[in-house]
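Please read the structure below before turning to the comments.
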Amino acid sequence: MATDLHRPVNPASGTSPAAVRVQGLTRSFDGRPVIDDLELTLKPGEFTALLGRSGCGKSTLLRVLAGLDREIEGTVLVPKRRAVAFQAPRLMPWKRVWRNVLLGLPGDPGREVAEAALAEVGLAHRSSAWPKTLSGGEAQRASLARALVREPDLLLLDEPFGALDALTRIKAQRLVAELWQRRGCAVLLVTHDVDEALLLADRALVMRDGVIAYETKVALDRPRAVDTPEFGALRSRLLTELGVDESASPAPHAA
């Protein structure tokens, strides 16, 4: 039987220099390891992007860090205060937006707690709305508010912009960058989008064969632009690590 060694760590307490420490993590399904003796350290306040091909174990790792998957072997040290936002906002349709934000919070927090978080993501004017009346971008902001209201030391984002249109996605990325800079919590973003990773993260990781196979610092000034040589060089290296041959891209059609 797998051994779950989750133990909460408060990085602000000074007991650990890491927001997350993972040692020898293995997670198997039907005897096949999807995560295989993985090692990972995330620093307090660090924004980390995790990339990898579909099925490499990215979302499984995030679920383990969130405490949603405990059938593991190894050691996982995470902050007690952590929150997760998924690609699907997962709002309860029978509860108004502000009540969705408070879902799962201990005690009996008042509406003002939810409205403060909604104001932080620019959604205070929709606090009384029903989820079905929200746009895709608004629903995702409500999901972020539900995560932020928990005052997390670790924010886990599982492809939260994947279902958004291009313009809404850009706005959502900028919002997350602003929230991270304001809050100062550690962030782990799971994404398939190399440009997104480089626009947002301090460090980019590539997961392959159940382990972190490659990592690089993203030492670019903020705000970042995709049309600089430095950005292009990092993008090319990450695409190579992901097994993408840029030279094989289809040529543009002739006019």
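The values are calculated or read from the model by the stated rules, or taken from the named source; none is laboratory data. For clarity, every value in this text was computed on a predicted model and none was experimentally measured. No Cβ is skipped: glycine too gets one built from the backbone with ideal geometry, and neighbour counts run over all protein chains shown.
Data for the structure
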quantity: Cβ pairs under 8 Å, 6+ apart, first in the stretch 215-232 and of a type in the set (Ser, Thr, Tyr) and loosely packed, with under 14 Cβ neighbours inside 10 Å, second assigned to a loop (DSSP other than H, G, I, E, B) and at pLDDT below 95; calculated: 228/220
quantity: Residue in the stretch 123-133 that is among the aliphatic types (A, V, I, L, M) and at pLDDT below 95 present; calculated: yes
quantity: Test: residue in the stretch 168-189 that is out of contact with any helix residue (DSSP H, G or I) (no Cβ under 8 Å at 6 or more places or on another chain), at pLDDT 90 or above, surrounded by 11 or more Cβ atoms within 10 Å (Cβ to Cβ) and among the polar types (S, T, N, Q); calculated: yes
quantity: Out of 61, 68, sole residue that is under 30 Å from residue 31 (Cα atoms), surrounded by 20 or more Cβ atoms within 10 Å (Cβ to Cβ) and in contact with a strand residue (DSSP E or B) (Cβ under 9 Å, 6 or more places away or on another chain); calculated: 61
quantity: Number of the condition not met by residue 128 [criteria: (1) exposed (fewer than 14 other Cβ atoms within 10 Å of the Cβ); (2) without any contact (Cβ under 8 Å) to a residue 24 or more places away in the chain]; calculated: (2)
quantity: Residue list for the stretch 71-83, restricted to those being among the hydrophobic types (A, V, I, L, M, F, W, C) and either part of a loop (DSSP other than H, G, I, E, B) or surrounded by 23 or more Cβ atoms within 10 Å (Cβ to Cβ) (or both); calculated: 72, 76, 78
quantity: Answer from 163, 129, 147, 139 - the residue that is under 17 Å from residue 90 (Cβ atoms), over 21 Å from the mean Cα position of the chain (by Cα) and of a type in the set (A, V, I, L, M); calculated: 129
quantity: Set 177, 186, 172, 197: member being in contact with a Pro (Cβ under 9 Å, 6 or more places away or on another chain) and under 19 Å from residue 40 (Cα atoms); calculated: 186
quantity: Residue list for the stretch 86-104, restricted to those being under 18 Å from residue 151 (Cα atoms), crowded, with 16+ Cβ neighbours inside 10 Å and modelled with pLDDT under 90; calculated: 86
quantity: Among (1) at positive phi; (2) surrounded by 23 or more Cβ atoms within 10 Å (Cβ to Cβ); (3) of a type outside the set (Gly, Ala, Ser), the one test that residue 155 misses; calculated: (1)
